[in-house]
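First comes the structure, then the notes that go with it.
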Amino acid sequence: MEWVIDFCRDYGYWGMWLISFLSGTIFPFTSDVLLLFFLGMGLNPVALVIVSTIGNTMGGMTCFFMGRMAKGSWLSKYFRLSPEKAEKASVYIRKYGYWAAFFSFLAIVGEAIVILLGNMRVSWWKVLLVMTLGKLLRYAVLALSCEGVKMVI
C-alpha cells in the first residue's frame, strides 16, 4: 500500500489521470479513493476533477471501441460478460440508447454498458458526450462532498 502513496506523491495529477484511465477500462482499479487521497494532500479540486474526468472518459472510450471491434462471442469470452448480463444490458441500451452511457461510472456494470454500446454501433460522439457528463458529475459530487467535510472539520 505504501507504493500507492509514493506513486501519488511523485506523480500528482498525472498519477490521477493514469489511475482514472485504468479504472475506466476493464482493469479492476478505483479512482474514487485516490481522488479523496489527492484532495487530502491539498491538490486543486477543480484540476483533479478535470484530470479524473478526462482519464476516466478516455478509459471508457477504450472500452467502447473494444466493444465496437468485438464479435458477439468475444464479449462473453474476453470481457467476462455472461449472456444473461449481456441480454439484460442490451435491453436497457435498446430502451435508453446512448443515454445509457451516463451510467458508465458505475462499477462493473459501467464497463459492460459501454462495451455493449460499442458493440451495438451506437454513435461514438453521443456516447462520448453523455459519458463525459456522467463521469464529470460523479467526480464533482465526490470532490464537493470531500471539500464540504473539510469545511465542517
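Quick one: MET41 ticks every box in (1) in contact with a Phe, Trp or Tyr (Cβ under 9 Å, 6 or more places away or on another chain); (2) aliphatic (A, V, I, L, M); (3) more than 19 Å from LEU133 (Cβ to Cβ) bar one, so which box is it?
Just one mismatch for MET41, condition (1).
Among what's in segment 15-45 and is more than 16 Å from TYR139 (Cβ to Cβ), under 16 Å from the mean Cα position of the chain (by Cα) and free of Cβ contacts under 8 Å to residues at least 60 places away in the same chain, pick the residue that is surrounded by the fewest Cβ atoms within 10 Å (Cβ to Cβ).
Among them, the one singled out is PRO28.
(1) within 19 Å of VAL109 (Cα to Cα); (2) assigned to a helix (DSSP H, G or I): which one isn't true of PHE27, the others all being true?
If we test PHE27 against (1) within 19 Å of VAL109 (Cα to Cα); (2) assigned to a helix (DSSP H, G or I), just (2) comes out false.
Does at least one position in segment 112-122 carry a residue that is out of contact with any helix residue (DSSP H, G or I) (no Cβ under 6 Å at 6 or more places or on another chain), surrounded by fewer than 23 Cβ atoms within 10 Å (Cβ to Cβ), more than 18 Å from PHE65 (Cβ to Cβ) and charged (D, E, K, R)?
Scanning segment 112-122 turns up no residue that is out of contact with any helix residue (DSSP H, G or I) (no Cβ under 6 Å at 6 or more places or on another chain), surrounded by fewer than 23 Cβ atoms within 10 Å (Cβ to Cβ), more than 18 Å from PHE65 (Cβ to Cβ) and charged (D, E, K, R).
Can you confirm whether MET66 is surrounded by fewer than 16 Cβ atoms within 10 Å (Cβ to Cβ), of a type outside the set (Asp, Glu) and at pLDDT below 95? If you could, list the steps in order and put the result at the bottom.
Details: surrounded by fewer than 16 Cβ atoms within 10 Å (Cβ to Cβ): no; of a type outside the set (Asp, Glu): yes; at pLDDT below 95: yes.
No.
Kindly list, by first and then second residue, each pair from a residue in segment 46-59 that is in a helix (DSSP H, G or I) to a residue that is crowded, with 17+ Cβ neighbours inside 10 Å and basic (Lys, Arg), limited to pairs with Cβ atoms under 8 Å and residues at least 6 apart or on different chains.
Listed pairs, sorted by first residue: SER52/LYS135; THR53/LYS135; ASN56/LYS135; THR57/LYS135.
Based on what the data block shows, is PHE7 in contact (Cβ under 8 Å) with a residue 12 or more places away in the chain and part of a helix (DSSP H, G or I)?
Working: in contact (Cβ under 8 Å) with a residue 12 or more places away in the chain: no; part of a helix (DSSP H, G or I): yes.
No; evaluated as a whole, the condition is false for this residue.
Condition first: out of contact with any Ser or Thr (no Cβ under 6 Å at 6 or more places or on another chain) and among the small types (Gly, Ala, Ser). Now tell me which residues in segment 36-73 satisfy that.
Passing the criteria: GLY40, GLY42, ALA47, GLY67, ALA70, GLY72, SER73.
Checking LEU34 against (1) modelled with pLDDT under 90; (2) under 27 Å from GLY118 (Cα atoms); (3) assigned to a helix (DSSP H, G or I), which single condition isn't satisfied?
(2)
Take the residues in segment 70-79 that are surrounded by 12 or more Cβ atoms within 10 Å (Cβ to Cβ) and of a type outside the set (Ser, Thr, Tyr); name whichever of them is modelled with the lowest pLDDT.
PHE79
So if I check each of TYR98, TYR139, which one is of a type in the set (Ser, Thr, Tyr), surrounded by 16 or more Cβ atoms within 10 Å (Cβ to Cβ), under 22 Å from THR53 (Cβ atoms) and out of contact with any Lys or Arg (no Cβ under 8 Å at 6 or more places or on another chain)?
TYR139
The values are calculated or read from the model by the stated rules, or taken from the named source; none is laboratory data. Only a predicted model underlies this, so the values are computations on that prediction, with no experimental measurement involved. Virtual Cβ from ideal backbone geometry, glycine too; neighbours counted across all protein chains shown.
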